[in-house]
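I have placed the structure first, in the form of structure tokens, so that the comments after it can refer back to it.
The values are calculated or read from the model by the stated rules, or taken from the named source; none is laboratory data. Just so we're clear, the structure is a prediction, and the values are computed from it rather than from any experiment. Heads up, the Cβs are rebuilt from the backbone with ideal geometry, glycines too, and the neighbour counts pull from every protein chain shown.
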Amino acid sequence: MHQVKLAENIYYLGFNDRRTHLFENIWPIPHGISYNSYLIVDEKIALVDTVGQHFIDDYFQKIENIIGNRKIDYLIINHMEPDHSGAIKPIIARYPEITLVGNKKTFGFVESFYLKPENTFEVYDNAALDLGKNKLQFQMIPMVHWPETMVTFEETNKILFSGDAFGSYGTLDGGIFDDEINLNFYEVEVMRYFTNIVGKYCPHTRRAMKKLEPLDIKMIAATHGPVWRSDLNWVLSRYEKWSSYTTDSGVVIVYGSMYGNTQKMAEVIARQLAERGIKNIRVYDSSKTHLSYIINDIFKYKGFIVGSCAYNNALFPNIEILLSTIEHIAPKGHLLGIFGNYSWNGGGVKNLMKFAEKIKWDLVYGPIEEKGALKVDKYEECIKLADAMAVKLLEM
Ligand code: FEO
């Protein structure tokens, strides 16, 4: 069978998943996802991360096509989330003498998820592992995006096995390496993977990037998406921007509306923003667009304007979920606008203001709360909110 190589003796062992609808059972993956594992065949053989358990038969087949009856000496566990660690137990069953390579935290996770590991080799910052021609070194990058996360740097070919960092949603449809692919396809999927999965840990990501800077990296082999070998800056510059919460001039408007009155306020605000020269305006109905895409756009644009009708004296449920997810991920440095509808006893705007207090973004105007249909005075207030937002954005 045809084998894909990163270097003369380093193999790609990934799989495409076009069946799963929701990654982590939360995030939509309409274009699927790849799970990438790698095999280094030297005097000693090392497997770098694994794949989900459901690929196990084909995974063993791929491994045996490369190494035949030889044994795998090391399993390097850069990250323990089950999309990569799922094959650990069957791997140990097939290669009982295998040594698991991980850090202090890794082995505790192996025990809690699968079994108590017997043969282990504990690594730490700058620890080395000699496979023969290929020398490996390890760097800990905790919380990118689990506590045990680390990377493995293969010094001979200068390949960074980066775990989830620099990964992407989207399957690898033939092309495995960045130079084999029109990257326009991955523009959204790399960012959405970052903002949905890693985005909570921007400060940790920045620390990790700083730490990895001295390495002379020629190739980045992540556990999802393309292998970066021709233009590493494509993904590195984007990570630099997103992890520093750098946004463009623009506004995301999201609303929860039952009968269209809150939506009308959103439309007025959006139109006024456009009249004031703001060109990046995205308006979302929280009942239609999954929060994965809304959060992604929040990482793109400086302005965030949210509206909610009152629903049983509380927020519209989809807005409530969106806002609690935003609080959890906690992106920084946004401009905020708030509007909504009182319905019969309020609860929408009141709770949006609680969000404003917690998130501590710059509230540019308001809040605005209408009762029922949009009338002239609150229409004028919507115009003022849009103007206040536009003034701040045009200063950028
Ligand atoms: Fe792809 Fe955090 O697992």
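Structure values in brief
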quantity: Flag for Pro214 being loosely packed, with under 15 Cβ neighbours inside 10 Å, part of a helix (DSSP H, G or I) and at pLDDT 95 or above; calculated: no
quantity: Selection status of Phe161, away from the ligand (no atom under 16 Å from the Cβ), in contact (Cβ under 8 Å) with a residue 24 or more places away in the chain and either part of a loop (DSSP other than H, G, I, E, B) or assigned by TED's automatic domain parsing to the domain that holds Ala46 (or both); calculated: no
quantity: Failed item, numbered, when His31 is tested on (1) away from the ligand (no atom under 14 Å from the Cβ); (2) under 27 Å from Glu97 (Cα atoms); calculated: (2)
quantity: Subset of segment 226-277 (residues that are assigned to a loop (DSSP other than H, G, I, E, B), out of contact with any strand residue (DSSP E or B) (no Cβ under 9 Å at 6 or more places or on another chain) and under 22 Å from Tyr193 (Cα atoms)); calculated: Asp231, Ser244, Tyr245, Thr246
quantity: Filter result for Glu369 (touching a Gly at 6+ places or on another chain (Cβ under 7 Å) and among the acidic types (Asp, Glu)); calculated: yes
quantity: Residue ranges of helices (runs of 4 or more DSSP H) in segment 66-146 with at least 3 members more than 18 Å from Val41 (Cα to Cα), away from the ligand (no atom under 16 Å from the Cβ) and of a type outside the set (A, V, I, L, M, F, W, C); calculated: 104-113
quantity: Residue in segment 34-56 that is away from the ligand (no atom under 14 Å from the Cβ), of a type in the set (Phe, Trp, Tyr), under 25 Å from the mean Cα position of the chain (by Cα) and assigned to a helix (DSSP H, G or I) present; calculated: no
quantity: Segment 187-202: number of residues that are touching a residue at least 24 places away in the same chain (Cβ under 8 Å) and more than 8 Å from the chain's Cα centre (by Cα); calculated: 5
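Here is a yes/no grid of residues against (1) touching a Gly at 6+ places or on another chain (Cβ under 7 Å); (2) among the basic types (Lys, Arg):
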{"position": "Ser112", "(1), (2)": "no, no"}
{"position": "Gly132", "(1), (2)": "no, no"}
{"position": "Met150", "(1), (2)": "no, no"}
{"position": "Phe161", "(1), (2)": "no, no"}
{"position": "Leu172", "(1), (2)": "yes, no"}
{"position": "Arg206", "(1), (2)": "no, yes"}
{"position": "Met219", "(1), (2)": "no, no"}
{"position": "Thr223", "(1), (2)": "yes, no"}
